[in-house]
Amino acid sequence: MSSFDKNWFKNDYGSKVLQSFRQKDKIRVYGLIEKPTLPGSFTQYEEEKFKILILGRSFSGKTSFINSFISSKINDKEYIETPGIQITNLYWPVKMVDCEKMMVFNLGFWDIGGSAYKKYTYIQPASVECLDCRIFIFSWIDKQSFIDILNSLKQLESEPNREKIPNIIIGTKFDKVIHSEIDPKLINEIEKFSSTRIINFSSYVNQSFDQMSLIMNRICEVLWDKKFSNGNKIF
């Protein structure tokens, strides 16, 4: 059972609260010293801050996935590798089921370019320091990007004294899944091995806000489980 009320923003008051986090049909990006201002009785809220590392093969859609939440202008045809480290901070509100408590998740998404990751030795330890969650991203039309994630998960599992960090797996370009060569047996294997289900994401720039809300809620719930129960959850 979910700890969050996933329908709270569908009423008039919830819709007004959500406006603080929207920029037209995208998620609003706040500056370093800015924070959301909520209306009415939710003026005071509890903020939870999390660090999320985006992982995946080049051209799997890592940067496009993040940018699709905040921008309507994405060049998905010409690949440009992320230079260095790109950190995107997004705020997202959740309301608890069992009370009137409102919480705001401050999500810091770390997207690291492959070349920079290999060139600068300090990036790897910096990226995993105080890490709360990993998001593995693959493309449904790139079988190797999927296999790379499966191998990475197995490698992490085999590490001694490893810290229990929850993993989320996102498959991009789902609108082109008809062209996918990924064996259903591999899909079942990775979901069973990681104890999580794949979140599908299309390559369309204009994702509906409801679709983005669903993904943000699922990310927040995984983080909430990690913070208070130290375990992953199957959705």
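The values are calculated or read from the model by the stated rules, or taken from the named source; none is laboratory data. From a predicted model like this one, the values you see are computed outputs, not experimental measurements. Methodologically, a virtual Cβ is constructed for each residue, glycine included, from the backbone with ideal geometry; neighbour enumeration extends over all protein chains shown. Just the protein is used for accessible areas: all its heavy atoms, side chains included, with ligands, DNA and RNA removed. Shrake-Rupley method; radii C 1.70, N 1.55, O 1.52, S 1.80 Å.
Tabulated data for the structure shown
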item	result
Sparsely packed GluC sites (Glu not before Pro) within the range 1-63, loop by DSSP, other Cβ within 10 Å at most 14	E34
Amide H partners (placed H, <5 Å) of M102, local residues excluded	E46
Between the range 1-40 and the range 87-107, the alpha-carbon center distance in angstrom	8 Å
For the range 17-25, Karplus couplings with θ = phi - 60° (6.51, -1.76, 1.60), whole Hz, Gly/Pro x	4, 5, 4, 5, 10, 10, 10, 6, 9
Area of L186 that stays accessible when all protein chains are in place (1.4 Å probe, Å², to 10)	40 Å²
When each of K51/K227; K10/K173; K10/K101; K24/K226 is checked by Cα-Cα distance, pairs over 21 Å	K10/K173; K24/K226
Between the range 148-183 and the range 48-67, the alpha-carbon center distance in angstrom	13 Å
Accessible-area value, D98, 1.4 Å probe, nucleic acids and ligands omitted, Å²	130 Å²
